[in-house]
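Here is the structure we will look at.
The values are calculated or read from the model by the stated rules, or taken from the named source; none is laboratory data. Because the structure is predicted, anything quoted here is derived from the model rather than measured. Cβ: placed from backbone, ideal geometry, glycine included. Neighbour counts: every protein chain shown. The accessibility values were calculated without ligands, DNA or RNA, using every heavy atom of the protein model including side chains. Shrake-Rupley method; radii C 1.70, N 1.55, O 1.52, S 1.80 Å.
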Amino acid sequence: MKIVDAAWLPSEAWRPIGSRRVRVTGSGALVDTVRDEIRAAGGSLDPDGDLVFTLGGDPDRLGEEGFEVDGDVVRAAAPHGLLHGLFHMLRGGTAGTQKPALARRMLDHWDNVDVHPVMGQVERGYSGGSLFWQDGEPRRDLTRVRAYARLLAASGINAVALNNVNVHATEAHLLTDRLGEVAELAGVFRRYGIRVHLSVSFAAPVHHGLGTADPLEDEVREWWSKATANVYATIPDFGGYLVKADSEGQPGPFSYGRSHADGANLLAAALAQYGGVVHWRAFVYNHRQDWRDRSVDRARAAYDHFTPLDGTFADNVVLQVKHGPLDFQPREPVSPLITALPGTRLAVEFQVTQEYTGQQRHVCYLAPMWSELLRGTGGPAIAEHAAELVAVANTGDDPFWTGHPLAQANLYAFGRLAWDPAADPLAVLDEWITLTFPAAPGLLRDTLHEIMDGSWRSYERYTAPLGVGFMVRPGHHYGPDVDGYEYTPWGTYHFADRDGVGVDRTVATGTGFAGQYPSPWSQTYESPGSCPDELALFFHHLPYGHVLHSGRTVIQHIYDTHFAGAREAAAMREAWRRVSGVVALDRYERVAALLDEQVRSAEEWRDQVNAYFFRKSGVPDWEGRRIY
Ligand code: GCU
């Protein structure tokens, strides 16, 4: 088994550079990184080289990270741009100017230092333990972290938060007496232009002996200001704090009768003089709901909490909003909060880790979903509102980094779409294939496209129907359990009964959530006549006989898509068998074993969902297929 899989930076991918004489001009740490990379690739650094990497580009046009390619000359205004230019040359180096659409492109790790008794070391991690900590201690050998930083830089990422947003007792010390560990990791990431951020607990002052964490108390301000001064004395380019407050049991300003603006601005004030930012998460909702109270709708919560605060956050607060109003389901509308914060700096959060999309046991290439959300297919366009993109990472100490070797494509694609939200997700996949399998014969390329291009839609077909969401097993969220959350207080109901299914979120008769959207989307979603089929049950409680735009009834749609989805999973497995002998054996076998599990799980989903709705509705499948 390989210790470090080369992922999208195998040595063969470096041939376009390794075979050249290269001139690199300029100085600075990241210019040195460019030189080191060229040397490591076998390229010769030569003042007369004909492939040129040089500073001197127009800073107004290129910014810190942009670059331009003109024949064999790559020009940037700053060293970071030169590093991006280097990786661009690996991708084929098309001529012209490139610069990121979004200034910060960030990965949030949900790593714990210790192994958490329920969540494991990496919360919602499906790729083994943490890359950063082992047995409660920092890893001594940072070789893998270095390789990881290179991979991230080559995909366009420029910031990482190291630890879980749920900050447990041990991890609270990363901000203070364990800061040295953070500094060491920051040193590794710095070499690749990536800044390090930390998740902090709002109650950190209390954890460290103060009687209160009230954001309006002077002693609390002083505590944060001292702690932050110490952080910057140790890590001068530290990125900032990430905070999950008043959410799923995490402490926050509500305990002191203060607002989230009071809370966020407290930390922002401590960071401002150093240029640091607070990523303040908007994932605030009541997870102790009573299903009888139909006026409470978890989907409404973020908007209800945060729109009144628009314009009151300090300049260095970034409100971090999940892309959908619920929780990273395979299909959700864009969160309306994203459209409602003209006076607030906004980061939108995606989930590269596949908590609800097959947990890296299923192939589920997510970039087509992200692309629809970014571009606004069937809803508001995230790219028009977000200043930053953030995603929960899917990596760990697994030899393939991401558990499922094909899940590497999600990590790569997230970075590329954050750089250019208009990029075609299938072209990005093709780019990933070319880099990862440089010798890929046509058969492998075609097979990977066949398996991956439509894999998100296949996954959607065999799981919860028509945008209603969840139906996963409680706790770990893998596999089907239609009523798993139906009788719990988490607020993720589908309300299926003998007559129909779905959540009435209309203004006219439901929770009013549809009215949180700007026009025309509020009207589009309000009526089943105009609501896209994919979201029909997200917005409406519909009778089983309701006819969708597709011409099928809701119940027949459920049967058809579940049979189709499971069939598509089986076809993926067949396709992969064709490339036996074409990819390295360890990778082949890992994917083959996971596809067996995907087929099993897809059939389980098919049978449970179909049987459930057949028994609820009593309506037979008009094709007469077997329903258990
Ligand atoms: C989901 C996930 C949790 C996570 C939370 C969050 O609810 O299941 O593990 O902590 O999201 O984003 O904060």
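Things to note:
- With protein chains left intact and a 1.4 Å probe, residues in segment 260-407 average 27 Å² of accessible area per residue.
- A 1.4 Å probe run over segment 1-147, with the rest of the protein chains in place, finds 43 Å² accessible per residue.
- By average C-beta atoms within 10 angstrom, highest first, the peptides 571-582, 127-138: 127-138, 571-582
- Residue among Tyr588, Thr561, Ser522 farthest towards the positive dipole end of segment 498-628, charges placed on Cβ: Tyr588
- Taking all protein chains together and rolling a 1.4 Å probe, Tyr544 ends up with roughly 10 Å² accessible.
- Expressed as a fraction of 2.2 N^0.38 Å, the C-alpha radius of gyration for segment 73-203 is 1.18.
- Label-point separation, Thr94 to Thr54 (7 Å along Cα→Cβ), nm: 2.5
- Base-10 log of normalised Debye intensity for segment 136-266 (one unit scatterer per alpha-carbon) at q = 0.09 Å⁻¹: -0.28
- Taking the Cα atoms of segment 383-512, the ratio Rg/Rh between the radius of gyration and the Kirkwood radius comes to 1.06.
- Ratio of Rg to Rh over segment 523-628 (Cα coordinates, Kirkwood Rh, two decimals): 1.12
- Debye equation applied to the C-alpha atoms of segment 16-151, log10 I(q)/I(0) at 0.15 Å⁻¹: -0.79
- All-pairs alpha carbon distance profile, segment 217-279, 10 Å steps from 0, percent: 22, 52, 24, 2
- Along the axis of the charge dipole computed for segment 467-622 (Cβ charges of +1 for Lys and Arg, -1 for Asp and Glu, origin at the Cα centre), the listed residues Cys531, Trp576, Gly469 are led at the positive end by Trp576.
- Each label was represented as a point 7 Å from its Cα along the Cα-to-Cβ direction; for Arg292 and Leu585 these points are 6.4 nm apart.
- Averaging over all projection directions, the Cα-based convex hull of segment 1-65 occupies 5.7 nm² in the image plane.
- Net lengthening on full extension, Arg615/Ala439 (0.36 nm per residue, minus Cα-Cα): 58.2 nm
- The charge dipole of segment 378-498, taken about its Cα centre with unit charges on the Cβ atoms of Lys, Arg (+1), Asp and Glu (-1) only, comes to about 180 debye.
- Coordinate range along principal axes, alpha carbons of segment 247-369, Å, largest first: 45, 39, 26
- Take 28-36, 331-339 and order them by the average number of nearby Cβ atoms within 10 Å per residue, most first; the result is 331-339, 28-36.
- A 1.4 Å probe, protein heavy atoms only, puts the accessible area of His476 near 100 Å².
- Theoretical FRET efficiency, 1/(1+(r/R0)^6), r = Cβ-Cβ of Asp499 and Arg625, R0 25 Å, to 0.05: 0.60
- To put it simply, the accessible area of segment 109-178 at a 1.4 Å probe is 51 percent carbon and sulfur.
- Evaluated at q = 0.13 Å⁻¹: base-10 log I(q)/I(0), Debye formula over Cα of segment 74-147: -0.63
- Where the Cα pairs of segment 477-568 fall when distances are cut into 5 Å bins, in %: 3, 13, 20, 22, 20, 15, 7, 1
- Sorted into 10 angstrom bins from 0, the C-alpha pair distances of segment 435-497 split as 19, 34, 19, 17, 10, 1 percent.
- Segment 315-422, Cα convex hull volume normalised per residue, Å³: 97
- Burial ranking of peptide ranges 438-449, 409-420, 274-285, 57-68 (average Cβ count within 10 Å, highest at the top): 409-420, 274-285, 57-68, 438-449
- Here the dipole of segment 223-341 is about 200 debye; that uses its Cα centre as origin and unit charges on the Cβ of Lys and Arg (positive) and Asp and Glu (negative).
- Over all orientations, the chain has a Cα convex hull whose mean projected area works out to 27.6 square nanometres.
- Computed E for Tyr232/Ser255 - FRET, C-beta separation, R0 30 angstrom, nearest 0.05: 0.60
- Think of the chain as a dipole: +1 on every Lys or Arg Cβ, -1 on every Asp or Glu Cβ, centred on the Cα centre; then among Val334, Trp490, Trp223, Val334 lies furthest on the positive end.
- Three principal axis extents of segment 255-309 based on alpha-carbon atoms, in descending order, are 49, 21, 18 Å.
- Charges were assigned to the Cβ only: +1 to each Lys and Arg, -1 to each Asp and Glu. The resulting dipole of the chain about its Cα centre is roughly 820 debye.
- Estimated FRET transfer efficiency when R0 is 41 angstrom, pair Gln273-Ala101 (beta carbons, to 0.05): 0.90
- Here the extension length gained between Leu216 and Glu184 equals 8.2 nm, from 0.36 nm per residue of separation less the Cα-Cα distance.
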